[in-house]
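Reviewing the structure listed below.
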Amino acid sequence: MFGLDAIVLARVQFAFTVGFHIVLPAFSIGLASYLAVLEGLWLATSRQVYLDLFQYWIKIFSIVFGMGVVSGLVMSYEFGTNWGSFADKAGPVIGPLMGYEVLTAFFLEAGFLGVMLFGMERVGRGLHFTATCLVAVGTLMSAFWILSVNSWMQTPQGYTISPDGRFLPASWVAIIFNPSFPYRLLHMVLASYLSVAFVVGAVGAWHLLSSSRNSHARTMFSMAMWMATLVAPLQIAVGDFHGLNTLQYQPIKVAAMEGDWDTARNGDPLILFAFPNMKEQANDAEIAIPRLGSLILTHSWDGEIRGLKSFPADQRPYVPIVFFAFRIMVGLGLLMALVGLASLILRRGGQIYRARWLHRAAVCMGPSGFIALLAGWTVTETGRQPFTVYGLLRTADSVSPIGTPGVAASLAGFAIVYLIVFGAGIVYILRLMARPPVTGEAGPRTDAPVRAAGITPGPATNPAPAE
Amino acid sequence: MSFLLTLDLPLIWGGLIAFAVVAYVLLDGFDLGIGILFLIEHDEDDRDVMINSVAPVWDGNETWLVLGGGGLFAVFPLAYATILPALYPTIIGMLLALVFRGVAFEFRFRAKDRAGRLRWDLAFFLGSALAALCQGFALGGLLQGIHVQDRHYAGGWFDWFTPFTALCGVALIVGYALLGACWLIWRAEGRLQKRCYSHARILGIATLLLIAGVSVWTPLLDANFNQRWFHWPGIALTSPVPILVLLVAWQFWQGLVDSSHIKPFLCALAIFLLCFIGLGISMYPYIVPPSITLWDAAAPPESQAFLLIGALVLVPIILCYTAYAYWVFRGKVKIGLHYH
C-alpha cells in the first residue's frame, strides 16, 4: 500500500494541497462573518472600538484571502491534471456544482473584496457595509456548493451510470441535497466559526496578558468566548448527528473511526485508545469502556454496530489514520467546549478579563480549531477510501495517466512553493497579530511601511496609544 | 429546462468558455503584464503605483481563469481530462507561478525591510513572467494537437515543448507586457506614464511581429488549419481578421503618437481579441485538436443545461458588479495614495 507509485503520490499531493487550502477558506468564512458583525455593530452603535477591530482584522483577512484564492486556483485544476479519469467520469455530476460555486461565490467575493479592502472612503458607509456582507455571503455560498460536491462523493444519489462508466445526472435536487450534505455543511460552517473564534480569542488573550485593561483586547476576547460558549457545544451536537448519518450510509467509516473490528453481541465498547493493527485485524494496547460505543452511536445500550471484519478487506480504509484523526478532533472539540464553559463561569464580576490562566489557555487553544478541522477532514476523506465516489468509483481507477516522475516532480514543486509562500504568510499574519489593536486603527495599505509618514495622512500613520 | 435541452448546447457552451478565456486573457493579461514590467521599472514609488492600480481588481480578473477551468470540467469533462494531463508541466508551472505573484500583492507591503520587499517584487516579476510563459506553451501545445486514445491522453511528457510552442510563450510574455504598459498609460501619470509610452512602442512592434510569426506558422501545423486560412471559401471568413489587426495596429500607433491616454489600451485589447477570434476560427469545431470536437467532449445535455441556466442569469450580473468595482477605483493612481 505504501509503495511510492503514481497513485499514492497523487493522493499525497492532493492531501497536501487541499490540507493547506482548506484552512484558508475556513479562516475566510469565519473572519468575513466576524468582520460583517463588527462593521454592523459599528454602524449601529457608532462605537469606535468596533471600527478599530474591523480595521485590525481586515488586514489579516486580506492576507488570508489572497492565499486562499491562489491555493484554491490550484485545486480547481488538480482534478484534471492528476485525477483525469475521475474528472471524465464524475464531471457531468459534480462539474456543474463547481461551476455554480464559481458563478455564485468566487465572483461575488472577488468583485466586492476590492471595495471592502480599499473602498471605505470611496463608496460611503452603507455601500461599504453591503460589500462586506456580500463577501461574507460569498464565502458561505462557496461552502454550500463545495460541500455539496464533497458530500455527493460520500453519499452519491440522483445519478445513473452510462455504459462507458460515466455518472449522468438524473435529479439535481437529489444530487445537491444528498443525504450527508446538510450535516456536513453545518458541521463545516460551525467549524469555521469556531476556528476563527479561537484565533480571535487567542489574539485578545495575548494582548490581555500584557495589559488586562486594553479595551480592544477585552472586546474581542469577550466576543470570542461567547462564540466558544455557545458554538462549541452546538458543534458537538451537530457532530453527533453527522456521525449517526455516517453510520447509516458509510458504516465502514464509522467502524474505522471507532477502531471496531468485530461485531459485538451485547453492545459495543467505546475505545478510548488503541493502536489499530491492519495486519492482525485487531487493536493493540486497547483501553475501552464497555457498551458506551453503542450508547453514543445508536443511543441504546445494546445497539449493534458492524465491525470492520464484516466488510470485505478491499473496501476498508487504512484504519489507524481514521482512528487517530477522529480522536484528535473529538478531544480538541471537548477542550474547546471546556474553555467556553470556563469563560462563562468567569464572566461574573468581570473575572474573565483578569484570569490569566484562562488567557494562557486561550492562547494555547488558538490553533485548536484549525487542527480539529484538519483532523475532521482527514477522518471523512481517508474514511471514504479506497473510493473517490463512495462504493462506486475506486481511487485507483480515478487517476490520470501521469507517470510517477511527473507526479513526484510536481509534488516537490508544490511542497517547496507552499512552504515558502505560506510560511511567509503565517509570519506576516503573526506579526500583525502581535501588534495590539489601537484607537484609530489604520486600514489595509495605509498602515503599510511605506517610506515617509508624511505622505500618508497623519492620523492613520500615527495612531494614538490605546490607553 | 426542457426548452434548453432542444438547443445546440455544446456550441453555446463552446462560446461561453471561449468568452471566459478571452475575459481572462484581456483582464489578467494587463495585470500579469504589470508584473512583467517590474523587470524594467525599478523605482519604488512607481512600483507602488503599478501594484495599487490593479490591487482592487486582480482577484476578480483571476476568477475568470477559475471559470475557464471549472467550466471546462463541468461542461466538457473529456476536454478537461485530456488537455490538463497533456499539458501537465505547463499547467503546474502556471499554477505555482500564480501562487507566487498572487501573494506578492499583499506580502510586499508586509515585508519588514527593503530587502524583504525587493524579494517579493522579484517573486511578483518571476511569477507573472512564468505564468505568461506557461500559458503560451499551453496554448501552443493545444493548437498543435493533443494525442488522445481511448478517452485518455496518450502522448509523451514533452509533446508541448516545441519551437512553435516556445514562440507562443514568448509572444504571450511580450503581449501581456504590452497590455500592462498600455494600462499604465491610462492609469498612471508623470514620468511612469511617459516611460510606458516608449515601452508600448517597442512592445507593440514586437507583439505584432510575434503575432505575424504565430499566424504564419499555425496553418503549417495542420492541413485543416491550412485549408481554412489559405483556400476558398475559408479565406472569405478568415481574411478580415488580419486586415482588422492591421487597422487596429495603425490606430494603436496613432494613439501613441497623439499621447492619448486610453486609446492605446483599447487598441491593444482589440488586437488580443482579434487574435483569439483567429484562434477560434482555426480550432473550430475541435476543442482538443485534432480529434475531439465540442460535441464529442460535451457533458450530457442535462449537465450543460443545468449550468447554462445559472450562467445566463449570473454572468450578466457578474459583468455589472465587476464594472462597478472598476468604476469605484477609476481615475489616475497617484504616488503615495494607498486607497485610504
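The values are calculated or read from the model by the stated rules, or taken from the named source; none is laboratory data. Quick caveat, the model's predicted, so the values are computed rather than measured. In this analysis, Cβ positions are derived from the backbone assuming ideal geometry, glycine residues included, and neighbour counts consider all displayed protein chains.
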- If you go through segment A:383-428, how many residues are closer than 23 Å to B:R117 by Cα and of a type in the set (D, E)? 0
- Note on the structure: Checked segment B:289-340 for anything under 23 Å from the mean Cα position of the chain (by Cα) and away from every other protein chain (no Cβ under 12 Å); matches are B:P289, B:P290, B:T293, B:L294
- Message: Return the pair list, or none, for Cβ contacts closer than 6 Å from residues in segment A:289-318 that are without any contact (Cβ under 8 Å) to a residue 40 or more places away in the chain to residues that are surrounded by 15 or more Cβ atoms within 10 Å (Cβ to Cβ) and among the acidic types (D, E), at least 6 apart or on different chains.
- Response: A:G293/A:E258; A:G293/A:D268; A:S294/A:D268
- Message: Looking at segment B:207-216, can you tell me whether even one residue there is under 19 Å from B:D31 (Cβ atoms) and assigned to a helix (DSSP H, G or I)?
- Response: yes
- With respect to A:T378, determine if the residue is among the polar types (S, T, N, Q) and in a helix (DSSP H, G or I). yes
- Query: Do the conditions hold for A:P96, that is, is it in contact with a strand residue (DSSP E or B) (Cβ under 9 Å, 6 or more places away or on another chain), in contact (Cβ under 8 Å) with a residue 40 or more places away in the chain, in a helix (DSSP H, G or I) and closer than 29 Å to B:C320 by Cβ?
  - Reply: yes
- If you go through segment A:203-216, how many residues are surrounded by fewer than 23 Cβ atoms within 10 Å (Cβ to Cβ) and either under 9 Å from A:A362 (Cβ atoms) or of a type in the set (F, W, Y) (or both)? 1
- Would a scan of segment B:91-101 turn up a residue that is aromatic (F, W, Y) and either within 10 Å of another protein chain (Cβ to nearest Cβ) or assigned to a helix (DSSP H, G or I) (or both)? yes
- With (1) modelled with pLDDT of 90 or more; (2) closer than 21 Å to B:A171 by Cα as the list, and B:E62 as the residue in question, which single condition is left unmet? (1)
- Right, A:A197: of a type in the set (A, V, I, L, M), touching a residue at least 40 places away in the same chain (Cβ under 8 Å) and buried (at least 21 other Cβ atoms within 10 Å of the Cβ) or not? yes
- Item | Residue list for segment B:230-260, filter: among the hydroxyl-bearing types (S, T, Y), over 13 Å from B:R201 (Cβ atoms) and more than 22 Å from the chain's Cα centre (by Cα) | B:S239, B:S260
- Message: more than 10 Å from chain A (Cβ to nearest Cβ) and either buried (at least 21 other Cβ atoms within 10 Å of the Cβ) or not in a helix (DSSP H, G or I) (or both): which single residue out of B:L118, B:L126, B:L133, B:L122 fits that description?
- Response: B:L133
- Task: Could you list, in sequence order, all residues of segment A:260-294 that are among the hydrophobic types (A, V, I, L, M, F, W, C) and over 28 Å from the mean Cα position of the chain (by Cα)?
- Result: A:W261, A:A264, A:M278, A:A282, A:A285, A:I287, A:A288, A:I289, A:L292
- Task: Need at least 3 residues that are closer than 30 Å to A:R354 by Cβ and at pLDDT 90 or above per element, so show me which helices (runs of 4 or more DSSP H) inside segment A:168-269 make the cut, counting only ones lying wholly within it.
- Result: A:181-210, A:215-249
- Among the residues of segment B:29-48, is any part of a helix (DSSP H, G or I), more than 9 Å from chain A (Cβ to nearest Cβ), acidic (D, E) and crowded, with 24+ Cβ neighbours inside 10 Å? yes
- Of all the residues that make up segment A:381-421, how many are over 27 Å from A:K253 (Cβ atoms), of a type outside the set (V, I, T), outside any helix (DSSP H, G or I) and out of contact with any strand residue (DSSP E or B) (no Cβ under 6 Å at 6 or more places or on another chain)? 1
- Message: Suppose the filter is buried (at least 19 other Cβ atoms within 10 Å of the Cβ) and within 30 Å of A:V363 (Cβ to Cβ); does A:W145 pass it?
- Response: no
- Message: If a residue must be out of contact with any Pro (no Cβ under 6 Å at 6 or more places or on another chain), within 7 Å of another protein chain (Cβ to nearest Cβ) and part of a helix (DSSP H, G or I), how many such residues does segment A:113-132 contain?
- Response: 5
- Task: Search segment B:183-192 for residues being under 23 Å from the mean Cα position of the chain (by Cα) and in a helix (DSSP H, G or I), and hand back the single one that is surrounded by the fewest Cβ atoms within 10 Å (Cβ to Cβ).
- Result: B:W186
- Note on the structure: Subset of segment B:138-182, residues among the β-branched types (V, I, T) and in a helix (DSSP H, G or I), comes to B:T165, B:V170, B:I173, B:V174
- Note on the structure: Those residues of segment B:65-91 that are under 17 Å from the mean Cα position of the chain (by Cα) and over 24 Å from B:D296 (Cα atoms) come to a total of 1
- Message: Taking the criterion of being touching a residue at least 12 places away in the same chain (Cβ under 8 Å) and under 23 Å from B:E62 (Cα atoms), would at least one residue in segment A:43-59 satisfy it?
- Response: yes
- Message: Against the condition farther than 30 Å from A:E109 by Cα and at pLDDT below 90, how does B:S282 come out, does it pass?
- Response: yes
- Qualifying residues in segment B:1-17 (those that are assigned to a helix (DSSP H, G or I) and either touching a Gly at 6+ places or on another chain (Cβ under 6 Å) or farther than 25 Å from B:Y80 by Cβ (or both)) - the one modelled with the highest pLDDT: B:I17
- The residue that is nearest to B:P264 (Cα to Cα), considering only those in segment B:144-190 that are away from chain A (no Cβ under 14 Å) and of a type in the set (S, T, N, Q), is B:T165
- Item | Given (1) closer than 27 Å to A:L53 by Cβ; (2) facing chain B (nearest Cβ under 7 Å), index of the condition A:P437 fails | (2)
